[in-house]
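What follows is one structure encoded as structure tokens, with my remarks underneath.
Any read-out appearing in this document is the output of simple, stated calculations on the displayed coordinates, not a laboratory observation. On a predicted model such as this, the values are computed, not experimentally measured, just so you know. Neighbour counts are summed over all protein chains in view; Cβ atoms, including those assigned to glycine, are modelled from backbone coordinates with ideal geometry.
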Amino acid sequence: MTVTTPSVPVHRALPAGFAWGAATAAYQIEGAVTEGGRTPSIWDTFSHTPGRTENGDTGDTAVDHYHRFRDDVRLMADLGLTTYRFSLAWPRIQPTGRGPASQAGLDFYRALTDELLSHGITPVATLYHWDLPQELEDAGGWPHRDTAHRFAEYTALAAEALGDRISTWTTLNEPWCSAFLGYGSGVHAPGRTDPADALKAAHHLNLGHGLAVGALRAALPGASRIAVSLNLHAVRPLSDHPDDLAAARRIDAVGNRVFTSPMFKGRYDEDLLKDTAHLVRWEELVHDGDLAEISRPIDLLGLNYYNPTVVSSAENARNLARHDGHGDSPHSPWPGAEDVAFHRANDDLTAMGWPIDPTGLSDTLTALHREFGLPLLVTENGAAFEDVPDADGAVHDPERIRYLESHLGAVADAIEAGADVRGYYLWSLLDNFEWAYGYGKRFGIVHVDYATQQRTPKSSAHWYSQVIRRGGLA
Ligand code: FCB
């Protein structure tokens, strides 16, 4: 990698060795959904179901990364990325969710990681970024306990085959979305809307995480590092009215502590159990030994952060907008807290309608540091804007630069306050398939012309590249 002499002095340096990355996920970029023996995942089924995604968009072709990965890695190297977070497609590696690994699936990820390593880019693999093999959903999906065991089995196959070249592994990406958007509000695959199933899914995702940590430790070399990526909600009460404080407590329970307490404290919190006791029989759901399994120690905690979550009681929300930023559905993704009202933190919005507020990132990082003491990674952070190429094909995205700069500043603030933040993965390297929003929402620092698959780095890519080469903000 060529390191150019910085043209601008660094005013806020990030620590030496800080990992400068970008993130993607398999279904959002790969395409080639029927190649190499891959079978459908719940996202193939969901996106092909009329009415589920904007415009009927699917990941069939996505940005064709499966065929263009060498060019994409070259792009990363040109930008100066030191690390890249991507996900392994379960239905590529273990097509039906059971049985032996597919050679073609493993070969693809071997080639990708070799390409990254040959450019000096450290690969970080996420095992599950939402693409459950459809056969496992047909057998009951995440509300069904066996799915956790299937996940551990797939994890072992992936780790045995790729553990020699991938040293940092993330088990789950945003299990909150898998459980509560997938089985609660139904705006994500598989599109089911049963609050009890959402809670069962959450427990089995936790169990799958713990079992996968065990499988990874057994298969990986000793120096490997294991993480999980959680979209922890930076929950803020609208006022200090006791009812608003109670609303914030409930959202913190079912939005955050439903994962962090079993994973890091080996328990489900009493208030969560009470809030949801009318929906599930926790004493039957959680078997003896589950919590010990789920709380196996990990090495790094990954935070995905986009915006804060401001809540009030329904009563105090009268005449105020209700907006939780997770897509429209008559079904709530918040079991036991269905009457909580959501508010925009401010009116400075991205194209997703998500308020821009970097203090939620610094607050969450410092709180996580204080509470769990683990080294932290920001495994996702970024923004969608209406990027339009100009007459010469260049894409100027000053709003994204402003977003990224303020959020990297928030990371620097958290580090200054004592949080041990080891790296930052910008979401996303490329414009891609944004789940139920389809291709209409662009998060990339590299523009993709979906008709020609041409990649054009936006001005934010050039800016990020300067930040990386400088080792901090100007
Ligand atoms: C996160 C997802 C990621 C991407 C961003 C915008 O919730 O993990 O795949 O869609 O949001």
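Couple of notes before you dig in:
- Taking every alpha-carbon pair under 8 Å whose residues sit at least 6 apart, the chain reaches a relative contact order of 19 percent.
- Sorted largest first, the principal axis extents computed over the alpha-carbon atoms of the stretch 18-473 equal 54, 49, 47 Å.
- A simple packing score, the average count of other Cβ atoms within 10 Å per residue, orders the peptides 413-419, 237-243 as 413-419, 237-243, with the highest score first.
- Distance from the stretch 267-283 to the stretch 323-368 (C-alpha centre basis), Å: 23 Å
- Straight-line reach from Lys265: taking Cα to Cα under 29 Å and skipping same-chain neighbours fewer than 8 places apart, the lysines in range are Lys200, Lys274.
- Dipole of the chain, positive end: most advanced residue of Ala391, Leu220, Ser41 [Cβ charges, Cα centre]: Leu220
- The antiparallel fraction among DSSP beta bridges confined to the chain stands at about 25%.
- Antiparallel content of DSSP bridges confined to the stretch 271-404, in %, to 5: 50 percent
- Counting every other Cβ atom within 10 Å of each residue's Cβ, Met76, Met263, Met352 order from fewest to most as Met352, Met76, Met263.
- Straight-distance crosslink candidates among lysines, where the alpha carbon sits under 24 Å from Lys441 and sequence neighbours closer than 8 are dropped: Lys458
- Applying the criteria of a DSSP loop state and at most 14 other Cβ atoms within 10 Å to the GluC sites (Glu not before Pro) of the stretch 368-412 yields Glu386.
- Net dipole in debye of the chain [+1 Lys, Arg Cβ; -1 Asp, Glu Cβ; about Cα centre; nearest 20]: 1020 debye
- A DSSP coil position with no more than 13 other Cβ atoms inside 10 Å describes the following trypsin sites (Lys or Arg not before Pro) in the stretch 196-291: Arg281.
- Of the trypsin sites (Lys or Arg not before Pro) found in the stretch 308-385, the ones in coil according to DSSP and having at most 14 other Cβ atoms within 10 Å of their Cβ are Arg318, Arg322.
- Per-residue ellipticity at 222 nm computed for the chain from its helices equals -10500 deg cm²/dmol, with DSSP H segments shorter than 4 residues left out and the rest contributing -39,500 (n - 2.57).
- In plain terms, the chain from Tyr450 to Glu315 could stretch by 44.0 nm, reckoned as 0.36 nm per residue minus the Cα-Cα distance.
- Stretched out straight at 0.36 nm per residue, the stretch from Ala13 to Glu386 would grow longer than its current Cα-Cα span by 131.2 nm.
- Ordering Phe259, Pro375, Ala26 by the projection of their Cα atoms onto the charge dipole of the stretch 18-473, which places +1 on the Cβ of Lys and Arg and -1 on the Cβ of Asp and Glu, puts Pro375 at the extreme positive end.
- Residue exposure proxy: Phe433, Phe342, ordered by other Cβ atoms within 10 angstrom of their Cβ from fewest to most, comes out as Phe342, Phe433.
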